[in-house]
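Worksheet for the structure shown next.
The values are calculated or read from the model by the stated rules, or taken from the named source; none is laboratory data. This is a predicted model, so every value here is computed, not measured. Quick reminder, even Gly has a Cβ in these numbers, built from the backbone with ideal geometry, and neighbours come from all protein chains shown.
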Amino acid sequence: MGKKQTVHRLRLDNGLIVIVGENPTADLIAGRIFLKNAGSLWEPREKAGLSNLLATVITKGTQNLSSGQIAEAVESIGAGLGADASSDYFMISVKTISKDFASMLELISEILRSPTFPEAEIALEKRLIAQAIRSQKEQPFNVAFNHLREMIYQDHPYGLSILGDEQTVSQLCREDLINYHKYHFRPDNLIVSLSGRINVDDAVDLVEKTLGDWPIPSHTLSRQNLPKLSSCPVEKIINQDTQQSIIMLGYLTVGVKSPDYPVLKLLSTYLGSGLSSRLFVELREKRGLAYDVSAIYPTRLEPSQFVLYMGTAPQNTTIAIEGLQKEAERLCYQELTPEELQGAKNKLLGQYALGKQTNGELAQLYGWYETLGLGVEFDHEFQAMISKVTAEIAQNVAKNYLLSPYLSVVSSNYSTTH
């Protein structure tokens, strides 16, 4: 993508935010339409899975179009259209050649504003979601991760999968979808992020034409009070007939707006990203303990989790847990060398740059930053923050979070008496 992309941000009279990255190199436009105050963070516990269900059925019918007509409108021009829900937002994604973008935006406007949520589609999707939830219960990685997340977050919405659980999903109905849509889908909660062969004036004109007359409803968006989170590490051992033990250490950390966020991203990269990472070299290459080993630190609006994960032979479970914990503690008691620190920075910034290659990735990134309340300028701020991390800062942040882990183990023959 060569030269740096110019990114424009404008607000329409009805509060809708338009972000445009002009990139004329290919005759394509990618769009990400975000609802920022939406996602599972806004679901009451008894309605867990509602955002995800809505994402599966929102493209299955509008006041003027059936599910088949919507599919035909998209596929006849070779475009892509999808909807997705996450913890912190709801999103519709689109990809098309430039000349078809106007018609796709009209279709998206109709989907956003007048979905009908047909009963038959809801029933079908609920069955498929229930199957997916049951399937996860048979996958050791998902079992370990779900238990870890429940321990860390308890009653917080982050404590459940975006899918919800079988009980909550079975009780969701069309009225729940209609009410959720009426409450959350509004222009002042919407971010239209575009990247591709379109200039900012044309983009704003098209968005104005399709979504500019959408009035702001009278109600204000107010989220339920979220439970206060505090770290209180416990462990859970799940006996399951499995060929390898799945071990997860989890730490309650911080959301994206904390000054510690970039430091934790760097520590996660150093510990568990790729074949040159500390965990891979020490625990797999040198000691032969790990089939698979990595670190995960998702970007979240609310407090996130820092997770170290390993798959190992059942007989190695105890020493594998000790090995993982020792590597986390090493960061607390021993400063990274200048070479280690610079290597982690180079890797993280390189991966970050590679994640901005396509129009879809760019539209996603800028829209996501706006959704999280960071603004598109966070793209440059994040890179500058990484550059400024010193070994002393990294060690202090590690000490704050990485000393007392939650432990989740799925194994066929491990117990806490080992």
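Results, tabulated for the structure shown:
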quantity: Positions within the range 310-339 being crowded, with 18+ Cβ neighbours inside 10 Å and not in a helix (DSSP H, G or I), in sequence order; calculated: Met310, Gly311, Thr312, Leu336
quantity: Elements of type strands (runs of 3 or more DSSP E) in the range 1-75, at least 3 residues being in contact with a Leu (Cβ under 7 Å, 6 or more places away or on another chain); calculated: 17-22, 28-35
quantity: Failed item, numbered, when Ser276 is tested on (1) within 29 Å of Tyr89 (Cβ to Cβ); (2) assigned to a loop (DSSP other than H, G, I, E, B); (3) of a type in the set (Ser, Thr, Tyr); calculated: (1)
quantity: Checking Asp292 against (1) touching a Ser or Thr at 6+ places or on another chain (Cβ under 8 Å); (2) free of Cβ contacts under 8 Å to residues at least 40 places away in the same chain; (3) among the charged types (D, E, K, R), the condition it does not meet; calculated: (1)
quantity: Output for the range 114-140, where each listed residue is out of contact with any helix residue (DSSP H, G or I) (no Cβ under 8 Å at 6 or more places or on another chain), assigned to a helix (DSSP H, G or I) and surrounded by 16 or more Cβ atoms within 10 Å (Cβ to Cβ); calculated: Pro140
quantity: Matching residues in the range 44-81 - criterion: being surrounded by fewer than 18 Cβ atoms within 10 Å (Cβ to Cβ), touching a strand residue (DSSP E or B) at 6+ places or on another chain (Cβ under 6 Å) and in contact (Cβ under 8 Å) with a residue 24 or more places away in the chain; calculated: Ser67
quantity: Residues (more than 30 Å from Asp88 (Cβ to Cβ) and charged (D, E, K, R)) located in the range 280-317; calculated: Glu282, Arg284, Glu285, Lys286, Arg287
quantity: Residue within the range 219-235 that is part of a loop (DSSP other than H, G, I, E, B), over 25 Å from the mean Cα position of the chain (by Cα) and under 28 Å from Ala85 (Cβ atoms) present; calculated: yes
quantity: Residues within the range 340-368 that are closer than 23 Å to Pro24 by Cα and surrounded by 13 or more Cβ atoms within 10 Å (Cβ to Cβ), tallied; calculated: 13
quantity: Lone qualifier among Ile198, Ile191, Ile178 - being in the same structural domain as Tyr89 (by TED's automatic domain parsing), in contact with a Gly (Cβ under 7 Å, 6 or more places away or on another chain) and either β-branched (Val, Ile, Thr) or modelled with pLDDT of 95 or more (or both); calculated: Ile191
quantity: Residue identified as of a type in the set (Gly, Ala, Ser), under 28 Å from Ala38 (Cβ atoms) and assigned to a strand (DSSP E or B) among Gly255, Gly250; calculated: Gly250
quantity: Failed condition for Val307, given (1) in a strand (DSSP E or B); (2) surrounded by fewer than 20 Cβ atoms within 10 Å (Cβ to Cβ); (3) modelled with pLDDT of 95 or more; calculated: (2)
quantity: Test result for Phe90, over 30 Å from Ser304 (Cβ atoms), modelled with pLDDT of 95 or more and either in the same structural domain as Leu16 (by TED's automatic domain parsing) or touching a His at 6+ places or on another chain (Cβ under 9 Å) (or both); calculated: no
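Here's the yes/no breakdown for (1) modelled with pLDDT under 95; (2) over 20 Å from Ile122 (Cα atoms); (3) in contact with a His (Cβ under 6 Å, 6 or more places away or on another chain):
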| site | (1), (2), (3) |
| --- | --- |
| Thr25 | yes, yes, no |
| Gly31 | no, yes, no |
| Glu43 | yes, no, no |
| Leu50 | no, no, no |
| Leu54 | no, no, no |
| Ile70 | no, no, no |
| Gly80 | no, yes, no |
| Ala83 | no, no, no |
